[in-house]
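Written out below as structure tokens is the structure these notes cover.
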Amino acid sequence: MHTNLVILAGGASSRMKKQVGLENLSAEEIAQANERSKGLIGVGPNGRPLLDYLLLNAKRAGYKNIYIIIGEQGDLFKEFYGNETKNNDFHGLNISFATQYIPEGRVKPFGTADALYQAVEQYPELNSQSYSVCNSDNLYSTDALLALRETDCPNAFISYDRDAMEFPLERISRFAIAKLNKEGFLLDILEKPSADVLEEYKDSEGKLRVSMNAFKFNGELLYPYLKNCPVHPERDEKELPTVLLNSLKDNPDSALGIPFSEHVPDLTAKEDIAEVKEYLKKHYPELNWEN
């Protein structure tokens, strides 16, 4: 089983920075939402960031080497998790940072596939190993992270039951859905699905499956597709689902959807802050790094 986890934290957080009027947020919370990367917003009972809880679950799942992809202005991550670029010890985790640089002529980062490509160029050892990848603004469970370590399939992703996600229906309807064959291998990912196609995307259990960017990749197999990822014509970004689907054209049945039925706390916009705080208060009353 691999012990490498790559965390995507270099995005622009544009939806979090949108101005909204919310009475349940303090001035400090609004300031953090406007200024910090989403995973660093202090939502824990002790004011610690969401990323602490993701790292805690990763440690419990058996990960050892953590690679956090940060933006060019990501110095605050080093204040929380270690001043060195490589090999910081944080509660027994070995934390290194990769920087996602913005190409000349662009204002925003070039997407999740570009982030991962820059990371494996800075840490080429990943291209001969397996590793997991996830977002910094979602709290994946220990069980889900462990399932990515345990699978024998070269590539995999956590395939969430859409009906088990505790989000408003309008928000869930915007999630991309995955099409799997009867053995559970990925065939397609559909962004912003319309209601008329949902039936044909149900899996063998009659469930609609959602990807929340929790992947396991074989570094050697994925690298050429990562390097040559095309730009999405509408969103003008290089995206990890594109990389995975392109690899499937040459390597069918190489990406397994691992079924899970649970909620995934998501810190995308200011409206999510109070909800995530309540979730952590209930499920993580204290950060216990020893168990």
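Readers should treat all values here as calculations from the given coordinates under stated rules, not as data from a laboratory. Source: prediction; values computed, not measured. All Cβ positions, glycine included, derive from the backbone under ideal geometry; neighbour counts span all protein chains shown.
Annotations for the structure displayed:
- In sequence order, calculated HN-Hα J values of region 134-140 (Karplus, 6.51, -1.76, 1.60; Hz; x Gly/Pro): 8, 7, 8, 10, 10, 9, 7
- Gain on full stretching of the segment that runs from E290 to H91 - 0.36 nm per residue minus C-alpha separation: 70.8 nm
- Charge-dipole axis of region 87-139 as Lys and Arg at +1 and Asp and Glu at -1 on Cβ define it, positive-most pick from G111, C134, L93: G111
- Global form of the chain, assessed from the alpha-carbon gyration tensor, a/c cut-off 1.5: rounded
- Nearest-20 debye value, the chain charge dipole, Cβ charges on Lys, Arg, Asp, Glu: 220
- Evaluated with a Cβ-only charge set (Lys, Arg +1; Asp, Glu -1), region 248-291 carries a dipole of roughly 80 debye about its Cα centre, given to the nearest 20.
- Inter-label distance for A195 and E220, nm, one decimal - labels placed 7 Å from Cα along Cα-to-Cβ: 4.9
- Relative contact order of region 130-211, pairs being alpha-carbon contacts under 8 Å that are 6 or more residues apart, as %: 29
- Calculated FRET efficiency for the pair E150/E104, C-beta based, R₀ 30 Å, to 0.05: 0.10
- Dipole of region 200-272, positive end: most advanced residue of T268, N218, H232 [Cβ charges, Cα centre]: N218
- Close amide H partners of A98, meaning residues 5 or more places away or on another chain with modelled amide H under 5 Å apart, are I68, I69, I70.
- Size of electric dipole in region 111-200: Cβ of Lys, Arg +1 and of Asp, Glu -1, about Cα centre, debye, nearest 20: 80
- Relative contact order [Cα under 8 Å, 6+ residues apart], region 4-283, whole percent: 24
- Volume in Å³ per residue [convex hull over Cα atoms, computed for region 158-217]: 85
- Hz values of 3J(HN,Hα) by residue in region 3-8 - Karplus curve (6.51, -1.76, 1.60), Gly and Pro given as x: 10, 9, 10, 9, 10, 7
- Distances between placed amide hydrogens fall under 5 Å for S159 paired with I258, F260, all partners being 5 or more residues away or on another chain.
- Overall form of region 1-160 per C-alpha gyration tensor (a/c, 1.5; a/b vs b/c): prolate
- For region 263-275, the Karplus equation 6.51 cos²θ - 1.76 cosθ + 1.60, evaluated at θ = phi - 60°, returns couplings of 7, 10, x, 9, 10, 9, 9, 4, 4, 7, 4, 4, 5 Hz by residue, with Gly and Pro reported as x.
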